[in-house]
Amino acid sequence: MKTIKVGLIGTGYIGMVHLEMLRRLGGVEVAAVADTNADLAKVAAEKFGISRVYESADELIADPVIDVVHNCAPNNVHFDINAKAIRAGKEVLSEKPLALDSRESAELLALAEKHKTLTAINFCYRYYPVVQEAAARAQRGDLGDVRAFVGHFLQDWLFFETDYSWRLDPKVAGKANVVADLGSHWCDLVQFITGQKIVEVMAELHTCLPKRRKPKAGSLSFGAGEAGESEEVDIKLDDYASLFLKLENGARGNFTTCQAAAGRKVDIELQVFGSKESYAWSHVHPNALWIGHREKANEIFYESSLQQAEGTRKYAALPTGHPMGYHDAVFNLFRDYYEAVAAKRAGKPYRATFPDFRTGHEMMCVIDAAVESNKSGRWVKVGK
Ligand SMILES: NC(=O)c1ccc[n+]([C@@H]2O[C@H](COP(=O)([O-])OP(=O)(O)OC[C@H]3O[C@@H](n4cnc5c(N)ncnc54)[C@H](O)[C@@H]3O)[C@@H](O)[C@H]2O)c1
């Protein structure tokens, strides 16, 4: 079988995670990387033994050797890179959020459908084995009708005034920061586990730190507040948000997110309450699913390659008791995606079970609704 050739754009934080996990896949080779920061691209290429190094996304997309483009650049260039890669006949795996707003994401979805592109978006948290287990249980009816859901996604890497990121600059991040960055992941988990779409949103977005020190030399994601020269800048985007949400079956939920919550690193929690039982998942203990009952003892289900719902066992690849982690979740998503890419290339049937540009567009519509609701102070229906 011919090796699938990948070109990766953006060798910053998440680009390096992609490169690590692509290395674990059989039949896939990273043939090129591109980054506007030539030094970063060279470091990545040397580390992973990649021969072609480009200083622009356009050069990589124009390379006829490349079959699949991974877009790991910041949000403001997602639309341009994804659209160009689709038009060039590549398959595309993009980082989230899919674009700057739902107008752009709708255009990308239409373009991908027109070109029959196999797309994916890296909503990786749904690929923890017990998150898959929760979704499989809900799908086979164990949960019953979802009635309510609550949770949060908290971090502290923007706690200090000296912490700065392009995520706080609307020109690079878009109309929202934390509700797009973390909220999109959490809302994807809700839709994935419940099988229900989010249809209405009431939101408050807030900026805890309205002034920050921006390093003059620029900064990469998740770096500690740097000691070098900096300038004071006004921050307009949210580092805190609270959302009330409605699902299509009328279930109600609420969600809070913040990147200035001292001590909380990647604290994701989601509880889903159904008419038969409840599920709770926490990223602080990501290998366990709490299953709640009214009339018998509650359960803690540990990820298991033997005991999970059959279709989800492959995601818990190690013998029970050896925990899977964030890298494995990303790998699980990539493996599903590349199985489909390989099948498509071989002219065989495949099922796109992974999140794709439709999912990405749905999340952009939720983010847009949250931004609009914050302005109007009213419930806003999620667009399509
Ligand atoms: N799925 C996840 O869990 C997850 C986690 C982190 C980041 N992300 C997403 O990944 C994207 C990148 O985030 P990050 O944290 O890695 O950022 P980062 O700042 O660490 O890295 C971005 C890289 O892209 C490069 N770049 C910028 N513009 C470019 C262009 N036009 N062409 C080529 N390269 C360009 C930068 O030089 C930098 O090296 C964002 O959209 C973010 O939301 C997703």
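The values are calculated or read from the model by the stated rules, or taken from the named source; none is laboratory data. Remember, predicted model here, so these are calculated numbers, not experimental data. Virtual Cβ from ideal backbone geometry, glycine too; neighbours counted across all protein chains shown.
Evaluate segment 207-226: report whether one residue or more is at pLDDT 95 or above and under 17 Å from PHE153 (Cα atoms).
First, pick out the residues of segment 207-226 that are at pLDDT 95 or above: 207-214.
Now drop any that are not under 17 Å from PHE153 (Cα atoms), which leaves 207-208.
Yes: segment 207-226 contains one or more residues that are at pLDDT 95 or above and under 17 Å from PHE153 (Cα atoms).
When you scan segment 83-93, do you find a residue that is near the ligand (Cβ under 10 Å from one of its atoms), under 23 Å from the mean Cα position of the chain (by Cα) and under 27 Å from LYS171 (Cα atoms), even just one?
As a first pass, look at segment 83-93 and keep what is near the ligand (Cβ under 10 Å from one of its atoms): none.
Within segment 83-93, not a single residue is near the ligand (Cβ under 10 Å from one of its atoms), under 23 Å from the mean Cα position of the chain (by Cα) and under 27 Å from LYS171 (Cα atoms).
Could you list, in sequence order, the residues of segment 314-328 that are over 23 Å from LEU182 (Cβ atoms) and free of Cβ contacts under 8 Å to residues at least 40 places away in the same chain?
Matches in segment 314-328: LYS314, ALA317, LEU318, PRO319, THR320, GLY321, HIS322.
Every residue, every condition in (1) within 24 Å of GLN271 (Cβ to Cβ); (2) within 12 Å of the ligand (Cβ to nearest atom); (3) in contact (Cβ under 8 Å) with a residue 12 or more places away in the chain, yes or no:
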position: ASP142; (1), (2), (3): yes, no, yes
position: PHE153; (1), (2), (3): yes, yes, yes
position: ASP156; (1), (2), (3): yes, no, yes
position: TRP166; (1), (2), (3): no, yes, yes
position: MET202; (1), (2), (3): yes, no, yes
position: LYS214; (1), (2), (3): no, no, yes
position: GLU232; (1), (2), (3): no, no, yes
position: ILE235; (1), (2), (3): no, no, yes
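Check VAL190 against each of (1) assigned to a strand (DSSP E or B); (2) of a type in the set (A, V, I, L, M); (3) more than 12 Å from the ligand (Cβ to nearest atom) and name the one condition it does not meet.
Failed condition: (1).
Can you find a residue in segment 53-66 that is closer than 22 Å to THR353 by Cα, more than 9 Å from the ligand (Cβ to nearest atom) and not in a strand (DSSP E or B)?
Within segment 53-66, not a single residue is closer than 22 Å to THR353 by Cα, more than 9 Å from the ligand (Cβ to nearest atom) and not in a strand (DSSP E or B).
Within segment 17-27, does at least one residue satisfy the condition of being part of a loop (DSSP other than H, G, I, E, B), on the phi > 0 side of the Ramachandran plot and either within 11 Å of the ligand (Cβ to nearest atom) or in contact (Cβ under 8 Å) with a residue 40 or more places away in the chain (or both)?
The answer is yes; a qualifying residue exists.
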